[in-house]
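Participant: Shown below is the structure under consideration.
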């Protein structure tokens, strides 16, 4: 049996363009740490400019893990990520190094603190039965069937949401268990990441400053050749992977290449969508992650590296 991850994991996050990369590099370099990326787009080779991927020189300063795992046409999901993250952390700690986890992908970050993978595998037979029930009886028919399996389902589920009702019905049908039982079992899952000790720092900036940084970043990406990067990725077939081609910066550039907007609109569209993403990220960090130390870089622009994790 593999040894647990007993050493503290240092987790540094914050919304896009907040300034994670510089602080992560400085802290890791000062503390003998290696960086484990928790950014769902850095997995993909060739997606460099639009993801603000650490440069070669930055990666030479501090070893990085879980970057450039596969081509952009290949999909990476949380089930792929978890064992790779655990293996990387074991390797780093076995060599006596500290681990700094950094990135802004909320769902992947949450995996370090709580269960995120549902172990229930619903059979095609059950899925087909639920599909037929929905076609015949609609939402009302699915809710009636779900209540026959779990009379208290309304306590755990928004029964006005057809997708959630269908998924709940599949899982209850497959297992014969109530939603409350399934929820309790899911919450009790443990793995090496959720059980490891952690220190969390969330970086923030005031909205106006962050918006200005986002605008500067988008302008720099376009100047550095984002359009050419997307042309190359398009020729390599990355549109077959919605996780990569549908991400911010890439989907807008694809629209530009298809003649759906001009270059000025491309800049505006990426900037607007990035601001929306940052707003969603702030809400996610506040509601889905445990309480951590919040560092506002507008109020403390020269945060001391030795005091980042107190």
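Participant: Contact order normalised by length for segment 140-212, with contacts defined as Cα pairs under 8 Å and 6 or more residues apart; what percent is it? Walk me through the intermediate numbers first.
Facilitator: Numbers: 34 pairs, mean separation 19.4, N = 73.
Computed value for segment 140-212: 27 percent relative contact order.
Participant: So, one more: For the chain, calculate the relative contact order in percent as a whole number, restricting contacts to Cα pairs under 8 Å that are 6 or more residues apart.
Facilitator: This gives 28 percent for the chain.
Participant: Okay, moving on. Determine Rg/Rh for segment 267-310; Rg is computed over alpha-carbon atoms and Rh is the Kirkwood hydrodynamic estimate from the same atoms. Show your work: numbers first, answer last.
Facilitator: Values: Rg = 14.0 Å, Rh = 12.7 Å.
Radius of gyration relative to Kirkwood radius: 1.10.
Participant: Measure out, as a whole number of angstrom, how far apart the alpha-carbon centroids of segment 56-125 and segment 21-45 sit.
Facilitator: Here the two parts' Cα centres lie 12 Å apart.
Participant: Test of understanding: in a Gaussian network model of the chain with alpha carbons linked when under 10 Å, which of 168, 220, 28 would top the mean-square fluctuation ranking?
Facilitator: So, out of 168, 220, 28, the one fluctuating most is 168.
Participant: Which shape class applies to segment 186-281: rounded if a/c is under 1.5, otherwise prolate when a/b exceeds b/c and oblate if not, where a ≥ b ≥ c are the square roots of the Cα gyration tensor eigenvalues?
Facilitator: oblate
Participant: Give the Cα extents of segment 84-235 along the principal axes, in whole Å, largest first.
Facilitator: Ordered largest first, segment 84-235 gives principal extents of 57, 42, 37 Å.
Participant: Among 269, 60, 296, determine the one that fluctuates most according to a GNM of the chain built with springs between C-alpha atoms less than 10 Å apart.
Facilitator: Greatest mean-square fluctuation among the candidates belongs to 60.
Participant: Also, quick follow-up: Given Cα positions, please report Rg to Rh for the chain, the hydrodynamic radius being the Kirkwood one.
Facilitator: Reported Rg/Rh, Kirkwood definition of Rh: 1.01.
Participant: Also, quick follow-up: Looking only at 142, 47, 221, which one moves most when the chain is put into a Gaussian network model with springs between Cα atoms under 10 Å?
Facilitator: 142
Participant: Could you calculate, for segment 124-187, the ratio of the Cα radius of gyration to the Kirkwood radius, expressed as Rg to Rh?
Facilitator: 0.94
Participant: Continuing with this model, one more query. From the Cα gyration tensor of segment 38-158, with a ≥ b ≥ c the square roots of its eigenvalues, which class applies: rounded if a/c is under 1.5, or else prolate if a/b is larger than b/c, or else oblate? Walk me through the numbers on the way to the answer.
Facilitator: Values: a/c = 3.24, a/b = 2.36, b/c = 1.37.
Taking the square roots of the gyration eigenvalues as a ≥ b ≥ c, segment 38-158 is prolate.
Participant: Continuing with this model, one more query. Does a label point 7 Å from the Cα of residue 223, set along Cα-to-beta-carbon, have any residues of segment 268-298 with amide nitrogen under 20 Å, and which are they?
Facilitator: Residues passing the 20 Å test: 268-272, 274-275.
Participant: With no solvent and one equal point scatterer placed on each C-alpha of segment 59-109, evaluate the Debye formula and give log10 I(q)/I(0) for q = 0.26, 0.28 Å⁻¹, two decimals.
Facilitator: -1.25, -1.33
Participant: For segment 26-107, what's the radius of gyration and Dmax over Cα atoms, in angstrom?
Facilitator: 12.5, 36
Participant: If you line up the long axis of helix 207-224 against the longest principal axis of the chain, both from Cα atoms, how many degrees apart are they, to the nearest 10?
Facilitator: On a 0 to 90 degree scale, this one is about 70.
Only the coordinates and a few stated rules stand behind these numbers; no lab work does. Being a predicted model, the structure only gives us computed values, none of them experimental. All Cβ positions, glycine included, derive from the backbone under ideal geometry; neighbour counts span all protein chains shown.
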